[in-house]
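Worksheet for the structure shown next.
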Amino acid sequence: MQNHSDSSNKRSGLDRRKRKIPRLKYLLFGGQRKMIRRGEDKQQMTILDNYSPRLLTFALIILTLSLADGFFTLHLTDHGAIEANPVMAYFLDLSPWAFMSVKYLLTSLSVICFLILNNLYIKPFGIRVDRFFPAIIAVFLVVVFWQFFHTIK
């Protein structure tokens, strides 16, 4: 039987919780940090390395709606509509592939940023970043339904 002093000597002396941002390997391949448990940590920027299925579902819905938005935009602009976003209009003028690639890349990067910062508490709004996912989905749904109903006219 080991006594307490022997087991405490095996520790490195470093507090793993001091590291607020996990190593890249944990972000890419998963880790064990699923939630923030301490109250003082909730008021700071802490990045987790294990995300909930709910957040993954939100991310996939946003990416799917972005693709639908892009395809509807291509269809509508082929039938006389004009892209209102000047940045995306530039890429649309280059080619449909450039437009869809940039649209998907920008959406993917945004979703990744929101996932990484999902526990960030935004004090002026009194809300965590993960609460923005349903709002983003709602905006995309409105845009896609508007485009769908203009496509079937």
| Potential extension, Ser52-Leu117 segment - 0.36 nm per residue separation minus Cα distance | 22.1 nm
| By how many nm would the segment from Ala135 to His75 grow when fully extended, if each residue of separation counts as 0.36 nm and the alpha-carbon distance is taken off? | 19.0 nm
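Taking 4 °C and 1.567 mPa s as the conditions, I'd like the Stokes-Einstein D for the stretch 52-153 in µm²/s, using the Kirkwood hydrodynamic radius from alpha carbon pairs.
On the way: Rh = 14.7 Å.
Rounded to a whole number, D works out at 88 µm²/s.
Values quoted throughout were computed directly from the atomic coordinates according to the rules given, and no laboratory measurement underlies them. Quick caveat, the model's predicted, so the values are computed rather than measured.
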